[in-house]
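So the structure is just underneath, and the comments pick up after that.
The values are calculated or read from the model by the stated rules, or taken from the named source; none is laboratory data. Worth saying up front: this structure is predicted, and the values here are computed from it rather than measured. Cβ placement follows ideal geometry from the backbone for every residue including glycine, while neighbour counts extend to all protein chains displayed.
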């Protein structure tokens, strides 16, 4: 009897083990293999580097759980050329890069030609992947879906990112400064996180004005203004969206009449006006320059990505206070409203990976979104995206910017744009238009908006993303 | 020029040990040899010049955007019409022509002046070093020079503005202001290539027979007269060569400007090379980029024809 | 007499000082760059600039620690040397033919060779990129070397033809009359006489290939990256613009070329003028 019982017991265990095995039936067995994976990351961008730095730890997981050895090699390219580098490689169906760190807007560009793996099947067949709970819908919208708003998933969120306001705490809390400010504007400067939650743009401008002191080589604000990549648009969108405007209709693809409105012109003008509180040369400010201005002690505050919080801790530790960026007033005089650009990067899987590498990529993602790894990512300064980690008590204290990041990470406060494959062309046009305006080449913001709206819609129309043709007279608009 | 007899002597000396004829004898026939010698070059030429050229010519009539995943679509003259109607491209072309004319012009004038200044410098201590210093800008990778001038021009951290601020009390945003960007970029280009024109001038001066120069000295001709009557007739060709080379190279400019301003601010420093690059490798709109490339090629061929015309004149002159 | 001599000497000295001033003026941005490469990043961006500082070679050491730098350097050296050597050899053969036999189509080919060089880089890259992608040559060493060779052929052909034209045909005739083979003539008679041209072609082209960035960036792959490509990638690799990296890499990478133009100055002249001026400046 015992013998039979024991046998029965063993049998039950075996059957029990078979069940998960059946679910994993699609797994490629890699036992005993040695595999090299290459990751293409973003040069000079800390979160990408962190992902890359942590990936060797996956080797232990792979060894223990699945019995294979994996090694990683890395390549990098800066933001503005990474898509190009990846695309040039992927267009030749190369598996030079097995996993690619992508920017959120590029999803369409990678997905439409079939260069990356559509993840729906992978997720559905892998219970671990299916079980991942992301913190907010905005994570899915921004980093995973193409087209925007659909439930076709093409990327896994590597790094969540929102905009936050870095403030020189020492100057903010300095009693002399506070008194001088109160005397001048009859207003108290904000002091706490909650104060900044309530801060609206008109008051914010007063603070910028107050701290713009060229004779001391100190200025009010640093934010993105550069023509390079997406910088000027990212910052301009903050103004446009927060004041209630839109840049396109992502269902119909209409841009003309939506982007080039009077309201948006006012928003652009407001954005341009902020330049007077920025250091000279600000029109060329991209990520590096904003950080350099901040770390060089040249500005009172900076509207910048939470992702680089680690590197905004100079000039001295403890000087940076990280709070939500100011709310704007709807239409310039209505209720406070805050919608800022979403940042962050997904990573995508090369569609031309061989079966083995595909399996490794899948295992890798499975590992990355476990709570332990996400916590470690957070501890090292990355921005995690899963609910269990963000909701953990004490999360906000792990890093100084986590509170701001978490607060902004929601669909009501963040927005991404254009996961369309033609994004690069559209971007170039809009960048050119906006930058021409803020540098004074174009005097009237309406002209810049008309130019951008016409060209962006034309590109969408030419490539079939919209059935709406832009008005013919738009072709004659010149940027001057 | 060697005399015929000395040539003969030299040849016979070298032929003390004559090579055997062997299997290479078939190569002796000039009829075959002349073409055989060309074969390697022709292969290169056909594969890397002719085939791409036809591809380019063809692609210009198609719509092919790599990132949409759509297959090629024939669109006839659509791309060319787009280019013709595009404000952006006309602007880039006009910027480019301005850049070439002002740039090449300045470099030529400065180069000629420098060439003359250095012409008599045989006794200069450390002459080799001095010349090396002058020629170095030419050999720096444009990418590197551009990067480095970005630092020098930077309004906050750059050394130029440091001096300007101490003397005049203002900072100039060289690369960020729409009025300063174009001149700033031109200055860097001039810095890089004036030495080239100087080299050309020295070469031109070098091609003047010594006898004539000495005769001019003896006759005590003025500096100006010497230039017109002695130097120019002989050196004209080389100078023209230099100017044309510079013009053509300048037309292509991309690396150095791209690194400094990306064609900005706005599109103040957008040159046709940059536009082409952007269309091809930012937007991956291969069809349109090809059309623009064809147009650039036609412009380049026009320049080359002038160039060859001048060359032919030299042949007849010599 | 004394006075006039002294006057003359004074004038001469002033003249020499002027020449040196001009040389230093042109070289000054590069001096600045070299100084920066010996500073730390914070020192570079500090103003007023520290004129007296302790130079450090740390940057140079760090350069070699960067992943990929050594590989890139090896690639630069290997690909430049191979490509230009192939180009010069091939061009020499063709130049001999053009010069001596003047086959039909000589002028046309010479013209076309030159005009391709005059098209903006991106225009040339597009079809090559598509061609290479289709043929699988993208990212291969062979593909890049052959491309660079093609790049170097036009100039080489023009220079060498100019030189070979300058070698009297009597050499060929006498040799033939005495039983020499063409191969012998080409390699033993003519080639030694055009050595300056060969060197000029070599140097001139190696400068271009050494500094070449765009083609390698687009058409090259992971394995074939050269130092300029590394420069572009490392521009902002550390959360702010890596001025120290740029300065160091640029200085280091320019040293071989500077050495070249120091020793081979007269060949530069030859190269620039397509061989029409053959002597010392």
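All but one of (1) over 19 Å from residue A:98 (Cβ atoms); (2) surrounded by fewer than 22 Cβ atoms within 10 Å (Cβ to Cβ) hold for residue A:385; which doesn't? Exception for residue A:385: condition (2).
Residues checked against (1) in contact (Cβ under 8 Å) with a residue 60 or more places away in the chain; (2) within 14 Å of chain B (Cβ to nearest Cβ); (3) outside any helix (DSSP H, G or I):
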{"position": "A:188", "(1), (2), (3)": "no, no, yes"}
{"position": "A:225", "(1), (2), (3)": "yes, yes, yes"}
{"position": "A:232", "(1), (2), (3)": "yes, yes, no"}
{"position": "A:263", "(1), (2), (3)": "yes, no, no"}
{"position": "A:271", "(1), (2), (3)": "yes, no, no"}
{"position": "A:283", "(1), (2), (3)": "yes, yes, no"}
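Among all residues of region A:219-239, there is none that is on the phi > 0 side of the Ramachandran plot and surrounded by fewer than 23 Cβ atoms within 10 Å (Cβ to Cβ). Residues of region B:119-147 that are buried (at least 21 other Cβ atoms within 10 Å of the Cβ), modelled with pLDDT under 85 and away from chain A (no Cβ under 13 Å): B:144 alone. Is it the case that region B:31-46 has a residue that's at pLDDT 75 or above, away from chain A (no Cβ under 14 Å), surrounded by fewer than 14 Cβ atoms within 10 Å (Cβ to Cβ) and within 30 Å of residue A:429 (Cβ to Cβ)? No, every residue in region B:31-46 fails to be at pLDDT 75 or above, away from chain A (no Cβ under 14 Å), surrounded by fewer than 14 Cβ atoms within 10 Å (Cβ to Cβ) and within 30 Å of residue A:429 (Cβ to Cβ).
Determine whether region B:179-198 contains at least one residue that is part of a loop (DSSP other than H, G, I, E, B) and either modelled with pLDDT under 80 or within 14 Å of chain A (Cβ to nearest Cβ) (or both). Yes, region B:179-198 contains a residue that is part of a loop (DSSP other than H, G, I, E, B) and either modelled with pLDDT under 80 or within 14 Å of chain A (Cβ to nearest Cβ) (or both).
Scan region C:49-61 and give yes if some residue there is at the interface with another protein chain (Cβ under 8 Å from one of its Cβ atoms) and closer than 30 Å to residue B:154 by Cβ, otherwise no. Yes, some residue in region C:49-61 is at the interface with another protein chain (Cβ under 8 Å from one of its Cβ atoms) and closer than 30 Å to residue B:154 by Cβ.
Looking only at region B:275-296, residues that are over 17 Å from residue B:77 (Cα atoms) and facing chain C (nearest Cβ under 7 Å) come to 4 in all.
Determine, yes or no, whether residue C:13 is surrounded by fewer than 13 Cβ atoms within 10 Å (Cβ to Cβ), within 11 Å of another protein chain (Cβ to nearest Cβ) and farther than 23 Å from residue B:191 by Cβ. Against the criterion (surrounded by fewer than 13 Cβ atoms within 10 Å (Cβ to Cβ), within 11 Å of another protein chain (Cβ to nearest Cβ) and farther than 23 Å from residue B:191 by Cβ), residue C:13 qualifies.
Here residue A:419 fulfils each of the conditions (1) in a helix (DSSP H, G or I); (2) closer than 30 Å to residue A:368 by Cα; (3) within 14 Å of chain B (Cβ to nearest Cβ); (4) touching a strand residue (DSSP E or B) at 6+ places or on another chain (Cβ under 8 Å) apart from (1).
Reported count of residues in region A:68-82, each being at the interface with another protein chain (Cβ under 8 Å from one of its Cβ atoms) and either in a helix (DSSP H, G or I) or out of contact with any helix residue (DSSP H, G or I) (no Cβ under 9 Å at 6 or more places or on another chain) (or both), is 1.
Hey, any hits in region A:241-251 for a residue that's in contact with a helix residue (DSSP H, G or I) (Cβ under 9 Å, 6 or more places away or on another chain), within 14 Å of another protein chain (Cβ to nearest Cβ) and surrounded by fewer than 20 Cβ atoms within 10 Å (Cβ to Cβ)?
Taking region A:241-251 and keeping what is in contact with a helix residue (DSSP H, G or I) (Cβ under 9 Å, 6 or more places away or on another chain), we get A:241-248.
From what's left, within 14 Å of another protein chain (Cβ to nearest Cβ): none.
No.
For the condition surrounded by fewer than 20 Cβ atoms within 10 Å (Cβ to Cβ) and more than 8 Å from every other protein chain (Cβ to nearest Cβ), what is the one hit in A:34, A:49? Selected residue: A:34, the only one of A:34, A:49 that is surrounded by fewer than 20 Cβ atoms within 10 Å (Cβ to Cβ) and more than 8 Å from every other protein chain (Cβ to nearest Cβ). All told, residue C:196 falls short of being surrounded by fewer than 22 Cβ atoms within 10 Å (Cβ to Cβ) and closer than 25 Å to residue B:150 by Cβ. Flag: residue C:192 matches the condition of being out of contact with any helix residue (DSSP H, G or I) (no Cβ under 7 Å at 6 or more places or on another chain), under 30 Å from residue B:136 (Cα atoms) and assigned by TED's automatic domain parsing to the domain that holds residue C:226.
Filtered by the rule that a residue be closer than 20 Å to residue A:262 by Cβ and either touching a strand residue (DSSP E or B) at 6+ places or on another chain (Cβ under 7 Å) or more than 12 Å from every other protein chain (Cβ to nearest Cβ) (or both), region A:448-470 gives A:449, A:450, A:452, A:453, A:456, A:457, A:470.
Here is a yes/no grid of residues against (1) closer than 25 Å to residue A:421 by Cα; (2) more than 14 Å from chain B (Cβ to nearest Cβ); (3) free of Cβ contacts under 8 Å to residues at least 24 places away in the same chain:
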site	(1), (2), (3)
A:64	no, yes, yes
A:125	no, yes, no
A:128	no, yes, no
A:135	no, yes, no
A:150	yes, yes, yes
A:158	yes, yes, no
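Restricting attention to region B:262-274, the residues being facing chain A (nearest Cβ under 10 Å) and within 21 Å of the chain's Cα centre (by Cα) number 3. Do we have any residue at all in region C:81-88 that's touching a helix residue (DSSP H, G or I) at 6+ places or on another chain (Cβ under 9 Å), part of a helix (DSSP H, G or I), under 30 Å from residue C:38 (Cα atoms) and modelled with pLDDT of 85 or more? Checked region C:81-88: at least one residue is touching a helix residue (DSSP H, G or I) at 6+ places or on another chain (Cβ under 9 Å), part of a helix (DSSP H, G or I), under 30 Å from residue C:38 (Cα atoms) and modelled with pLDDT of 85 or more.
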